[in-house]
Amino acid sequence: MNKRVKKEAEYSKIIVDDVKPHKYKEGRMSAQIRQIVTKTSKYPGADGSSDKQDALYSTEDFGEEKNEFTNTQKRVVWIDVPNNSSIESVQNWLDNKYPEGTIYQIMSYHIIDCITDGQINMIENPNSELTLEK
């Protein structure tokens, strides 16, 4: 990639949207949290150079403006939290423990890169007994 391409990322504070009893796990609750990620890429205008030769003229000599592209993502994830948690208690916990926390996005062509060890175990042992009854 061209050294003159500049990339910046801005991460909002993680916000707790909702806390409710976990649908499948007894004795815990589930919190929905989100974060807004804004990525900006700035590309130079016309360029007479390449990786094989230097330019005779500068980018400014061509009179073209730089290009700027912005992409905004809303990342949402659900995390397990202790019973009797509230939106406020989870938000306070996140603010104190992870004030600059980041929700990461995994991108892969291979599903195995995106699932947990527990999910892999269920795939490899499909005869495991599961029940949703209490």
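The values are calculated or read from the model by the stated rules, or taken from the named source; none is laboratory data. Here the structure is a predicted model, which is why all the values come from computation and not from measurement. Ideal geometry is used to build each Cβ from the backbone, glycine not excepted, and the neighbour counts take in all protein chains shown.
Filter region 67-106 down to the residues that are of a type in the set (A, V, I, L, M, F, W, C), in a loop (DSSP other than H, G, I, E, B) and closer than 19 Å to Glu10 by Cβ and list them by number.
Matches in region 67-106: Ile103 only.
Taking region 72-96 only, how many residues are more than 25 Å from Lys23 (Cβ to Cβ) and either within 20 Å of the chain's Cα centre (by Cα) or charged (D, E, K, R) (or both)?
3
From the list Glu88, Glu65, which residue is modelled with pLDDT under 95, charged (D, E, K, R), exposed (fewer than 12 other Cβ atoms within 10 Å of the Cβ) and out of contact with any His (no Cβ under 8 Å at 6 or more places or on another chain)?
Every option except Glu65 fails the conditions.
For region 78-117, give me each residue that is touching a Phe, Trp or Tyr at 6+ places or on another chain (Cβ under 9 Å), farther than 22 Å from Lys6 by Cβ and of a type outside the set (S, T, N, Q).
Val81, Gly101, Ile103
Residue-wise test of (1) touching a residue at least 60 places away in the same chain (Cβ under 8 Å); (2) out of contact with any Ser or Thr (no Cβ under 9 Å at 6 or more places or on another chain).
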| position | (1), (2) |
| --- | --- |
| Ser12 | no, no |
| Val19 | yes, no |
| His22 | no, no |
| Glu26 | yes, yes |
| Ile33 | yes, yes |
| Lys42 | no, yes |
| Gln53 | no, yes |
